[in-house]
Amino acid sequence: MKFVIQRVTNASCTVEENITGSIQKGFLVLIGISDQDTIQIADKMIKKLLGMRIFEDSDGKTNLSLHDVDGELLLISQFTLYADCRKGNRPSFTNAGKPDMAKQMYEYIIDQCKKEIPVVEQGIFGADMKISLLNDGPFTIILDSAEIC
């Protein structure tokens, strides 16, 4: 599982000219899921995500979490995080999770985050989404379950 976490001032997801999710200060999270991912891996990734202290405190140090700043989440399914570009110029996506399993895992992540964060917005799994954001910093972190689990 991979999370690309971007600290944002605001972000939104649009599908067919309709906004499906919009947040203010918080994290835009692109979520890649592989066939090897499990609920246990998702739980560890969610814990790490929600505990991530990358907002500035009164001393200007990145020491505050989403909870500390009443931050919001926009969660976007992004199978292309598992692109394999080793051969040729056309990426292979065989390492990405099969759609049914990946959708269930994506929905699980959304549900778990909603238990702890008051504002959790989302994209539409499998849709052609347009993502707008104002990256704050810019500040982008990549969490890979292969490195933290």
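Computed from the coordinates by the stated procedures, all read-outs in this text should not be read as laboratory data. Owing to the predicted nature of the structure, the values given are computational and were not obtained by experimental measurement. Quick reminder, even Gly has a Cβ in these numbers, built from the backbone with ideal geometry, and neighbours come from all protein chains shown.
Tabulated values for the structure
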item	result
Charge dipole (the chain, unit charges on Cβ, about Cα centre) - positive-most of Gly88, Cys13, Val119	Gly88
Relative contact order %, the chain, counting alpha carbon pairs below 8 Å whose residues are six or more apart	38 percent
Residues whose placed amide H lies under 5 Å from that of Glu121, excluding near-sequence neighbours	Leu73, Leu74, Leu75
Which listed pairs, of Lys48/Lys115; Lys61/Lys114; Lys44/Lys115; Lys48/Lys98; Lys47/Lys98, have C-alpha distances above 20 Å, in listed order	Lys61/Lys114; Lys48/Lys98; Lys47/Lys98
Least to most buried among Arg86, Arg7, Arg53 (fewest other Cβ within 10 Å first)	Arg86, Arg53, Arg7
Label of the coordinate-derived value, Cα extents along the principal axes in Å, listed as [x] 55, 28, 20; [y] 55, 29, 27; [z] 48, 38, 32	[z]
Cβ charges +1 (Lys, Arg) and -1 (Asp, Glu), total dipole of the chain, debye	440 debye
